[in-house]
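Just below is one structure, and these are the notes that go with it.
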Amino acid sequence: LESSVAPHRFCHCKILYNYWFCFFRFYYLSLLSLTPANSKREMEAASATILLLILILALICSWKVLNWLWLRPKRLEKLLREQGFRGNPYTLFFGDSKEFLKMRKEAVSKPMTLSDDIVPRVSAYVQHSVNKHGMFMIVLL
């Protein structure tokens, strides 16, 4: 069965990891069968090669994570601000969630009046953001 869900962002990173892991496991096992005279020098060279490739793989994966968590959102924020959108700056992991939850808790804790104005109770953070930043705003949840 084929899935219509988009592949995971780090799918190619995992594929590279699996490929290199299998390659080095085979390479390491083949080095174990060498003659004792040359095996020490070749084992050191193989270990250095393996460590270098693991380091390169770790750098590639860490660059992708940095790009996913920080660089791409900041670039998107910059582009949206150039188009006239306003809002709170991007914060790592949480965005506006803390403020959103705090305002939601405050709104629910207050008793509701018998008026038609339910917006402050239902979407307090959106109303606050519209009043603060205008109709064209960025909300990062």
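The values are calculated or read from the model by the stated rules, or taken from the named source; none is laboratory data. What you see is a predicted model; the values in this text were computed from it and never measured. All Cβ positions, even for glycine, are placed from backbone atoms using ideal geometry, and neighbour counts span all protein chains on display. These area figures cover heavy atoms from the full protein model, side chains too; ligands, DNA and RNA do not enter into them. Shrake-Rupley method; radii C 1.70, N 1.55, O 1.52, S 1.80 Å.
One line per residue, one yes/no per condition, for (1) among the small types (G, A, S); (2) at pLDDT 85 or above:
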position: E77; (1), (2): no, yes
position: L80; (1), (2): no, yes
position: F93; (1), (2): no, no
position: F100; (1), (2): no, yes
position: R104; (1), (2): no, yes
position: I118; (1), (2): no, no
position: Y125; (1), (2): no, yes
position: G134; (1), (2): yes, yes
Got at least one residue in region 61-73 being more than 12 Å from the chain's Cα centre (by Cα) and either under 26 Å from M135 (Cα atoms) or loosely packed, with under 12 Cβ neighbours inside 10 Å (or both)? no
Flagged in region 81-106 as open to solvent by less than 50 Å² (accessible area, probe 1.4 Å) and assigned to a helix (DSSP H, G or I), in numbering order, are S97, M103
- Would region 107-119 turn up any residue that is free of Cβ contacts under 8 Å to residues at least 24 places away in the same chain, open to solvent by 100 Å² or more (accessible area, probe 1.4 Å), acidic (D, E) and part of a loop (DSSP other than H, G, I, E, B)? yes
Of (1) in a helix (DSSP H, G or I); (2) closer than 18 Å to F136 by Cα, S62 satisfies every one except (2)
